[in-house]
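Q: Input: one structure, supplied below.
The values are calculated or read from the model by the stated rules, or taken from the named source; none is laboratory data. Predicted model, so just to flag it, every value in this text is computed and none were measured. Please note: Cβ atoms are built from the backbone with ideal geometry, for glycine as well, and neighbour counts cover all protein chains shown. These area figures cover heavy atoms from the full protein model, side chains too; ligands, DNA and RNA do not enter into them. Shrake-Rupley method; radii C 1.70, N 1.55, O 1.52, S 1.80 Å.
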Amino acid sequence: MKVTIVGAGNVGATCADVIAYRGIASEVVLLDIKEGFAEGKALDIMQCASNTGFNTRVVGVTNDYSKTAGSDVVVITSGIPRKPGMTREELIGINAGIVKSVSESVLQYSPNTIIVVVSNPMDTMTYLALKATGLPKNRIIGMGGALDSARFKTYLSLALDKPVNDIKGMVIGGHGDTTMIPLTRLASYNGVPVSQFLTDEALGQVAADTMVGGATLTKLLGTSAWYAPGASVAYLVDSILNDQKKMIPCSVFLEGEYGQDDICIGVPCIIGKNGVEQIVDVELNDGEKELFAKSAAAVRTMNEALSN
Ligand code: NAI
């Protein structure tokens with residue numbers, strides 16, 4: 001199985017590293033426009049293999065798309081990340097041009113690939129990739145919900161003082177500080193709703209911390225995060241390549257689901273070898289429906305910037 005990651009920066013290289021360590025794919029191609037950069041990252045990762053025991057071949061290339069031929073999955077992380085005080089939305093102009101040209105280039109060599117879009121503002125970039133390539137909607141997947149849900153579960157684990165792997169939780173809606181929706185009502189610890197253990201106030205704090213989870217890290221690090229984003233992409237790629245059929249909230253094209261049309265936004269999906277295999281219809285209450293409609297309206301406004 002072959003994965004190409006376009007953009008060998010913080011998120012792309014971390015993703016390659018996790019894919020190699022966990023043996024998710026047999027070959028990873030890292031591609032970047034910065035001369036020699038992807039080659040350097042790939043060699044560094046490959047030199048971990050004998051001490052950590054993986055066999056994945058990691059190859060770095062500078063803008064040579066011929067080396068990406070036959071990829072089963074292509075991950076797009078190329079673009080600029082946030083700086084402190086910036087929103088994901090402010091990245092739109094530069095990243096739109098990059099995402100469009102990259103998706104067209106990868107398809108020349110891997111016409112059957114599934115594309116995972118990571119570059120921000122991710123929901124809008126996913127929509128753009130879908131429209132620019134004309135690919136069927138199951139083959140364009142935006143990664144945001146996997147990360148936001150991981151952050152949600154981390155904050156729940158800290159508040160509950162319980163192991164994160166016993167906690168279930170999901171974040172849907174847009175991948176933005178004000179648009180994501182941590183579904184606190186449906187979160188559980190060993191199958192029991194977390195509301196049995198946490199006050200409304202504590203749960204509200206968990207939701208608030210989750211929503212600014214990325215911004216908190218951007219402030220601390222001076223640029224946007226990469227360990228959890230890279231691992232979240234790898235988790236999604238694993239479910240595709242190894243046909244795990246995990247339920248993962250992803251930004252996908254909606255045609256009536258959750259009351260929305262002609263938009264890419266985060267909803268729970270079954271992810272397997274065909275990409276998005278099913279959009280799962282989780283019953284939302286009235287408050288959650290209202291939040292989802294507001295979130296979709298904000299994403300739609302962002303999408304309008306594409307035609308400017
Ligand atoms: P970074 O700056 O470390 O890496 C980006 C890389 O893309 C650079 O190495 C750059 O040379 C390369 N690049 C730029 N234009 C290119 C092109 N046309 N072709 C190939 N490579 C190109 O940035 P980082 O931190 O890795 O973030 C990447 C993107 O992912 C940003 O847009 C960021 O906002 C987004 N992101 C999305 C997340 C999500 O959950 N969806 C989470 C974290 C970051």
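Q: Within segment 17-35, how many residues turn out to be away from the ligand (no atom under 11 Å from the Cβ) and either out of contact with any Cys (no Cβ under 9 Å at 6 or more places or on another chain) or β-branched (Val, Ile, Thr) (or both)?
A: Residues flagged as away from the ligand (no atom under 11 Å from the Cβ) and either out of contact with any Cys (no Cβ under 9 Å at 6 or more places or on another chain) or β-branched (Val, Ile, Thr) (or both) within segment 17-35 amount to 10.
Q: Okay, moving on. Out of the residues in segment 177-212 that are within 16 Å of the ligand (Cβ to nearest atom) and modelled with pLDDT of 95 or more, which is most open to solvent (accessible area, probe 1.4 Å)?
A: Here the residue is VAL212.
Q: Here's another thing I want to ask about it. Out of TYR109, TYR127, TYR155, I need the residue that is open to solvent by 30 Å² or more (accessible area, probe 1.4 Å), touching a helix residue (DSSP H, G or I) at 6+ places or on another chain (Cβ under 6 Å), closer than 20 Å to SER224 by Cβ and modelled with pLDDT of 95 or more. Which one?
A: The match here is TYR155.
Q: Inside segment 85-108, can you point out the residues that are assigned to a helix (DSSP H, G or I), of a type outside the set (Gly, Ala, Ser) and more than 8 Å from the ligand (Cβ to nearest atom)?
A: Matches in segment 85-108: GLU89, GLU90, ILE92, ILE94, VAL99, LYS100, GLU104, VAL106, LEU107, GLN108.
Q: Of all residues in segment 245-261, which are assigned to a strand (DSSP E or B) and either surrounded by fewer than 21 Cβ atoms within 10 Å (Cβ to Cβ) or within 16 Å of the ligand (Cβ to nearest atom) (or both)?
A: Once the filter is applied, which keeps residues that are assigned to a strand (DSSP E or B) and either surrounded by fewer than 21 Cβ atoms within 10 Å (Cβ to Cβ) or within 16 Å of the ligand (Cβ to nearest atom) (or both), segment 245-261 yields LYS246, MET247, ILE248, PRO249, CYS250, SER251, VAL252, LEU254, GLU255, ASP261.
Q: Here's a follow-up. I'd like the full set of residues that are away from the ligand (no atom under 14 Å from the Cβ) and among the charged types (D, E, K, R), limited to segment 109-136.
A: Result: LYS131, single match.
Q: Could you grab the pairs with beta carbons closer than 9 Å, sequence gap of 6+ or different chains, first residue in segment 1-12 and in a loop (DSSP other than H, G, I, E, B), second one near the ligand (Cβ under 6 Å from one of its atoms) and of a type in the set (Ser, Thr, Tyr)?
A: Between residues of segment 1-12 that are in a loop (DSSP other than H, G, I, E, B) and residues that are near the ligand (Cβ under 6 Å from one of its atoms) and of a type in the set (Ser, Thr, Tyr), the close pairs are GLY7/THR77; GLY7/SER78; GLY7/SER119; ALA8/THR77; ALA8/SER78; GLY9/THR77; GLY9/SER78.
Q: When you check ASN10 against the structure, is it open to solvent by 30 Å² or more (accessible area, probe 1.4 Å), within 16 Å of the ligand (Cβ to nearest atom) and more than 22 Å from the chain's Cα centre (by Cα), yes or no?
A: Answer is no for this residue.
Q: Which of the residues spanning segment 219-244 are crowded, with 20+ Cβ neighbours inside 10 Å and at pLDDT below 95?
A: Matches in segment 219-244: SER224 only.
Q: Here are the criteria: (1) more than 10 Å from the ligand (Cβ to nearest atom); (2) free of Cβ contacts under 8 Å to residues at least 40 places away in the same chain; (3) assigned to a strand (DSSP E or B). Tell me which single one ASN55 does not satisfy.
A: (3)
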